[in-house]
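**Q** For reference, the structure I am asking about is given below.
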């Protein structure tokens, strides 16, 4: 492997999508899905009258 000169290093570009970015996007989508699932279950329990009283 050869060392890059300063001019060459300035022209280096990274990839558009990294594994960390994809993992973060997956976690966001998973969290939104889980929130929707919990909210939908809560609404269903309220409508069916199956709530636990505190």
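**Q** Only one of the listed values, (1) 2.40; (2) 1.21; (3) 1.17, was derived from the coordinates as Cα Rg over 2.2 N^0.38 Å; which label is it?
**A** (1)
**Q** Right, something else. How far is helix 19-48 tilted, in degrees, relative to the longest principal axis of the Cα atoms in the chain, given as a value from 0 to 90 rounded to the nearest 10?
**A** Taking the Cα atoms of the chain, the angle to 19-48 is about 10 degrees.
**Q** Something else about it: What does the helix-only formula give at 222 nm for the chain: each DSSP H stretch with n ≥ 4 adding -39500 (n - 2.57), the total divided by the residues, and the result rounded to the nearest 500 deg cm²/dmol?
**A** Working: 2 runs with 35 residues, N = 54.
Helices in the chain give a 222 nm mean residue ellipticity of -22000 deg cm²/dmol.
The numbers here are math on the coordinates, done by the rules we state, and not lab data. Bear in mind the structure is a predicted one, so any value in this text is a computation, not a measurement.
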